[in-house]
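Undergrad: Could you have a look at this structure, given as structure tokens, before my questions?
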Amino acid sequence: MPAPDSAVAWVDQVLADAVAKRASDIHFEPLGATCRIRLRIDGLLEEHAQLPQHLTDAVTARIKVMAQLDIGEKRLPQDGRLKLTQANAAHEFRVSSCPTLFGEKIVLRHVDALIHLPKTDQLGMRSEQHAQLEAALACPWGLILVTGPTGSGKTVTLYAALQQLNQTHRNISTIEDPIEMTLPGVNQVAHHEGIGLTFAHALRAFLRQDPDVLMIGEIRDRTTAKIAVQAAQTGHLILSTLHTNTALATLTRLLHLGVDRADVASACRLIIAQTLMRTLHACKTHDRSTSAQRLMAKSPGAKVYRAVGCPACRRGYLGRTGVFETLPITQTLQAQIAQGHSDVGLAAQIQKQGGQTLNQAALAHVLEGRSSMAEYQRITATLNEPSVAGLA
């Protein structure tokens with residue numbers, strides 16, 4: 001990018017570039033002699049520009065002023081929001097500052113992507129997975145958990161579900177950290193641990209306000225887990241998230257949080273594990289590697305592609321698609337969970353029910369030509385499941 005001549009121009013230019021490139025996050029990172037600016041695009045960070053050292057403090061101050069942060073406080077982290085209007089379009093960013101060795105690091109999260117909220121059938125689920133979600137949302141009580149690593153699209157899934165449930169005959173309340181977007185008709189509360197407004201505290205308050213549907217931003221501790229499970233058992237529909245990578249690991253996590261096996265079995269209605277996978281651009285070409293040939297030999301009719309790259313894409317990719325594993329808790333699974341069956345036994349039952357793991361769901365995108373083996377290997381590297389080497 002051409003070097004602007006002032007702090008104001010630098011900030012305006014970087015924000016405009018981020019919007020144009022559909023970046024989800026902007027990182028201003030002081031490194032001593034310079035300040036590196038990186039953009040997160042389709043889940044991956046890439047360097048965008050180098051900010052001259054003499055402008056670093058001024059750019060930091062400019063962003064903090066726009067976000068209504070204390071420019072005199074440089075020793076403690078701060079959070080705020082800023083709004084930007086460009087070409088008659090308004091954009092909102094969540095701003096976080098954090099002191100580092102060479103100065104304050106600033107990260108801006110572009111939150112406008114959630115304004116055009118997809119419907120549940122537009123999330124990228126397969127038809128049978130969407131039917132399972134619809135069935136769970138139609139029930140008046142139970143626990144629906146959405147799991148996955150940070151940046152896997154859990155918030156969008158939860159908001160899409162809440163928007164579908166958001167009707168005048170339902171009382172819906174949420175406790176979030178932070179509130180990503182506003183949902184008219186939903187009672188949204190921001191988590192504030194500094195004053196004692198924790199997830200558990202808010203959840204107790206909600207239960208005294210005649211609720212129908214409750215959304216908890218994240219189940220982080222034993223108290224919140226137990227209250228959520230009890231609420232799900234007593235006639236409330238509860239939606240929440242957990243930081244686990246697979247649906248089966250979510251059951252184990254609840255048990256580790258101290259929830260009784262019988263309560264987990266009776267309260268849980270649906271577990272969704274998800275991640276996001278970059279999609280190949282039209283410039284893709286056939287993957288003629290040995291592993292790709294082996295994979296296609298086991299999947300007649302499939303065509304495996306690899307990324308190429310052109311001026312219209314990002315190194316061969318453009319955009320992302322959701323990869324989902326859905327686990328409805330059937331009566332058989334309920335009995336096995338309550339009886340203490342091992343993960344191996346539960347996994348066998350899930351496969352018997354026709355369940356598809358995240359690995360299998362991601363591999364399906366490769367076999368259908370939407371993504372590449374390289375992307376498959378990147379997003380499934382941390383999953384405790386068979387790799388493509390065992391499948392090919």
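The values are calculated or read from the model by the stated rules, or taken from the named source; none is laboratory data. Keep in mind that this is a model prediction, so the values were computed, not measured. Backbone-built Cβ (ideal geometry, glycine too); neighbour counts: all protein chains shown. With ligands, DNA and RNA removed, areas are computed over all heavy atoms of the protein, side chains included. Shrake-Rupley method; radii C 1.70, N 1.55, O 1.52, S 1.80 Å.
Undergrad: So the check is Cβ under 6 Å with 6+ separation or different chains; which pairs have a first residue in segment 319-337 that's basic (Lys, Arg) and a second one that's open to solvent by 10 Å² or more (accessible area, probe 1.4 Å) and not in a strand (DSSP E or B)?
TA: Correct list of pairs: Arg320/Asp42.
Undergrad: Of the conditions (1) more than 20 Å from Leu137 (Cβ to Cβ); (2) in contact with a Lys or Arg (Cβ under 7 Å, 6 or more places away or on another chain), Gln274 fails just one. Which one is it?
TA: Looking at each condition in turn, Gln274 falls short on (1).
Undergrad: Take the residues of segment 239-269 that are assigned to a helix (DSSP H, G or I) and in contact with a strand residue (DSSP E or B) (Cβ under 6 Å, 6 or more places away or on another chain): which is most open to solvent (accessible area, probe 1.4 Å)?
TA: It comes out as Arg253.
Undergrad: Further, regarding this structure: May I ask you to say which residue of Arg208, Arg204 is of a type in the set (Lys, Arg), part of a loop (DSSP other than H, G, I, E, B) and farther than 18 Å from Gly258 by Cα?
TA: From the options Arg208, Arg204, the qualifying one is Arg208.
Let's see how each residue does on (1) at pLDDT below 95; (2) assigned to a helix (DSSP H, G or I):
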position	(1), (2)
His54	yes, yes
Asp57	yes, yes
Lys83	yes, no
Arg94	yes, no
Ile106	no, no
His130	no, yes
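Undergrad: Give segment 277-326 a look and list any residue that's of a type in the set (S, T, N, Q), part of a strand (DSSP E or B) and surrounded by 15 or more Cβ atoms within 10 Å (Cβ to Cβ), or say none. Talk me through it step by step, then tell me what you get.
TA: First, the residues of segment 277-326 that are of a type in the set (S, T, N, Q): 279, 285, 289-291, 293, 299, 321, 326.
Now narrow it down to the ones that are part of a strand (DSSP E or B): 279, 285, 321, 326.
Thr279, Thr321, Thr326 - these are the residues of segment 277-326 that are of a type in the set (S, T, N, Q), part of a strand (DSSP E or B) and surrounded by 15 or more Cβ atoms within 10 Å (Cβ to Cβ).
Undergrad: For segment 331-356, what are the residues that are out of contact with any Leu (no Cβ under 8 Å at 6 or more places or on another chain) and either assigned to a loop (DSSP other than H, G, I, E, B) or surrounded by 17 or more Cβ atoms within 10 Å (Cβ to Cβ) (or both)? Break it down into steps so the answer makes sense when it comes.
TA: Taking segment 331-356 as the starting set, the residues that turn out to be out of contact with any Leu (no Cβ under 8 Å at 6 or more places or on another chain) are 331-332, 334-335, 338-342, 344-345, 348, 351-352, 354, 356.
Gln339, Gly340, His341, Ser342, Gly354, Gln356 - these are the residues of segment 331-356 that are out of contact with any Leu (no Cβ under 8 Å at 6 or more places or on another chain) and either assigned to a loop (DSSP other than H, G, I, E, B) or surrounded by 17 or more Cβ atoms within 10 Å (Cβ to Cβ) (or both).
Undergrad: Moving to a separate point now. Which numbered condition in (1) out of contact with any His (no Cβ under 6 Å at 6 or more places or on another chain); (2) modelled with pLDDT under 95 is the only one that Ala273 fails?
TA: With (1) out of contact with any His (no Cβ under 6 Å at 6 or more places or on another chain); (2) modelled with pLDDT under 95 applied to Ala273, the lone miss is (2).
Undergrad: Let me confirm something: among Ala16, Ala67, Ala49, which residue is surrounded by 13 or more Cβ atoms within 10 Å (Cβ to Cβ), out of contact with any helix residue (DSSP H, G or I) (no Cβ under 9 Å at 6 or more places or on another chain) and closer than 16 Å to Lys105 by Cβ? Steps first, please.
TA: Numbers: Ala16 fails: closer than 16 Å to Lys105 by Cβ; Ala49 fails: out of contact with any helix residue (DSSP H, G or I) (no Cβ under 9 Å at 6 or more places or on another chain).
The conditions single out Ala67.
Undergrad: Give the residues of segment 116-138 that are closer than 14 Å to Gln164 by Cα and touching a Phe, Trp or Tyr at 6+ places or on another chain (Cβ under 7 Å), sorted by residue number.
TA: Correct list: Leu117 only.
Undergrad: Could you list, in sequence order, all residues of segment 216-238 that are assigned to a loop (DSSP other than H, G, I, E, B) and open to solvent by 10 Å² or more (accessible area, probe 1.4 Å)?
TA: If the condition is that a residue be assigned to a loop (DSSP other than H, G, I, E, B) and open to solvent by 10 Å² or more (accessible area, probe 1.4 Å), then Gly217, Glu218, Arg220, Asp221, Thr234, Gly235, His236 are the ones that fit.
Undergrad: Shifting gears a bit: Please give the number of the condition Ala135 fails out of (1) surrounded by 17 or more Cβ atoms within 10 Å (Cβ to Cβ); (2) under 25 Å from Arg253 (Cβ atoms); (3) among the hydrophobic types (A, V, I, L, M, F, W, C).
TA: (1)
Undergrad: Where in segment 140-199 are the strands (runs of 3 or more DSSP E), entirely inside, with at least 3 residues that are in contact (Cβ under 8 Å) with a residue 40 or more places away in the chain?
TA: 142-147, 172-176
Undergrad: Could you run through segment 221-235 and say how many residues are closer than 10 Å to Val259 by Cβ and either within 23 Å of the chain's Cα centre (by Cα) or not polar (S, T, N, Q) (or both)?
TA: Number satisfying all stated conditions: 5.
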